[in-house]
Every structure is written in structure tokens, then in C-alpha cells.
1. Does any residue in the stretch 233-249 that is within 14 Å of A223 (Cα to Cα) come within less than 9 Å, Cβ to Cβ, of a residue that is basic (K, R) and part of a helix (DSSP H, G or I) six or more places away or on a different chain, and which pairs are these?
2. In the stretch 8-38, what residues are polar (S, T, N, Q) and either within 12 Å of A78 (Cβ to Cβ) or modelled with pLDDT of 90 or more (or both)?
3. Has the stretch 220-236 got at least one residue that is farther than 22 Å from L93 by Cα, touching a Ser or Thr at 6+ places or on another chain (Cβ under 7 Å) and at pLDDT 90 or above?
4. Which one of these does F106 not meet: (1) modelled with pLDDT under 90; (2) surrounded by fewer than 22 Cβ atoms within 10 Å (Cβ to Cβ); (3) not aliphatic (A, V, I, L, M)?
5. Of the residues in the stretch 39-67, how many are surrounded by fewer than 16 Cβ atoms within 10 Å (Cβ to Cβ), among the charged types (D, E, K, R) and either at positive phi or modelled with pLDDT under 85 (or both)?
6. In this structure, does I173 turn out to be among the β-branched types (V, I, T), loosely packed, with under 15 Cβ neighbours inside 10 Å, modelled with pLDDT under 80 and in the same structural domain as I248 (by TED's automatic domain parsing)?
7. Could you grab me the full set of residues in the stretch 68-103 that are surrounded by fewer than 17 Cβ atoms within 10 Å (Cβ to Cβ) and part of a helix (DSSP H, G or I)?
8. From the list F186, F247, pick out the single residue that is among the aromatic types (F, W, Y), assigned to a helix (DSSP H, G or I) and at pLDDT below 95.
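The values are calculated or read from the model by the stated rules, or taken from the named source; none is laboratory data. Computed from a predicted model, the values in this text were never measured in an experiment. Cβ placement follows ideal geometry from the backbone for every residue including glycine, while neighbour counts extend to all protein chains displayed.
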Amino acid sequence: MDIQAILAILLYIVATFFLAAKIFNVFSIFNKKEWFILFFGLAALFLHADILHESIFTEVGLDFGFFNAISVIGWLVALIVLFLSFYQPIQQLLLALYPIAAIALFLEQLIENEYIMKQNLSMGLRIHIFLSICAYSLLMIGTLQALLLSLQERLIKTKRVSKIINILPPLEIMEKLLIQIIVMGFFLLSLSLITGVVFIYDIFEQHLTHKAVLSILAWAIYAVVLWGRWFQSWRGKRIINWVIGGFISLLLAYTGSKFILEFILHRV
């Protein structure tokens, strides 16, 4: 592991610590130091991005193995939430996302990938990969939001006094944010599936059938979530359960299938 990766991981840890101190009001000095906390998160994400660029775009080809893919997703999710937190009250998610990005970066550096993709990927296939990663990242954020919403509902119903209740927005806002994130993720997932159909010609030879089926299943589940919300006024636990179910399907489609192909079947 090089110095740059170690520094990025340390910056993620420091950013998590300072953010937790601010959110839980441990040290009052951090309440007026937004830029100070923001700096460490941005610095970690910048270094992580540079490391990813060097790791993925190699002279031999495109190294988009399992742990590189996980590292990209960890980085992108943290980046999206960081910028969304300027407009929406979801900064609390970074308490989990910074450590996840740090762990993903650590694993990427620790475990070498033996499989390199061809460098001459078509533009259509590159667009498909980009849309897939963005959709996966947004829907992962939506799942984390759903888990927070579930925890918040449980604490309120059991009438437990917790600092978590105080730092989270009201239930209505949390639910509204969840639907907004799912809408964006669903839109990108739809584009990802369309580009996959158009640009991936040998889906059976590439052992992608199960991935396509699970991705379509995830798309259908998220479609049901939005239908239930807009036309049946679904709320609370029902939405949360469907969102989690959709992400499990997507998790198996992308991460699960990639793990099986690379580490069990030894194919890319």
C-alpha cells in the first residue's frame, strides 16, 4: 500500500471523527467549523479518485475487477452524499460512508486483480458501465436512507430517548428524501438497462444472463415502490421493505455476480 492510499484512509478516519463530534455536539468548537470538516472529506475523496484513476486505467488494459469496482462505488456514494448534503439533511449518512470508502480503498490496495478488461471498449459500453455504477450508488444511498428511516420509526414507536432522534430530520422529510433518491436511481437504472440491451451483444457468452435477470427484477421492485407511493399512498415500513428488497436484488446482480465470476468461476 502506497503513502497516498494510507493518507486517504487517515483523512477518511479524521473526517468521520470530526463529523461525529459536530453531529453529536461532543465539542462545541466544531459547530461553526463546517469548512474545516468539509476539507478532510474532500481531501480524502480527491486522493481516492486519483488512486482509482491509476488503478483502473492501466497500460495493459482496464482493471475493473471486484475490489476496484467496490472502491469506485464506495468513493462515488460518499461523493454524492457529500454534495447532496449541501441541499438536503443527509450529512449523517457520511458517518457510515466515509469508513466504507476507507475499507473499500484498503481492500483495493491489499488484493490484486488478476483479470484485466480490454482497453478498446466501445463508447456505448463505457456509457453503460458508468450509468450502472451511478444507479447502483444512488440506490445504495436510498437503502441507507431507508435503514435510517426504519431506525427512526422504531425509536419513536418504542418512545426511546436517543441522540439519533435529535440529529435526524422529521419522518416526513426523511421519507420525502428517500423517494427523491429512489426516483433518481430508478431513472439511471432504466437507462443502464436500455444501454445494456443496445450495446451488449453476447450476453450469454459473457455469462451475464443472471445479472440481467436480477437487474430487471430490481427495476421491477423499484417500479412497484414508486407506484405504491404515488398511486397507493404507501408510507413507512412498506416502502422501506420494498426498497431493501430491491437493493438486495441489485446487490446480487452486480456485486454478487461479479464476485462469483472472478473468484469462483475465474471469469470476467
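1. Listed by first residue and then by second, the contacts come to I239/R229.
2. Listed by number, the list holds a single entry, T16.
3. yes
4. Tallying (1) modelled with pLDDT under 90; (2) surrounded by fewer than 22 Cβ atoms within 10 Å (Cβ to Cβ); (3) not aliphatic (A, V, I, L, M), F106 fails exactly one: (1).
5. 1
6. no
7. F83, L95, A96, I103
8. Of the residues listed, the single one that is among the aromatic types (F, W, Y), assigned to a helix (DSSP H, G or I) and at pLDDT below 95 is F247.
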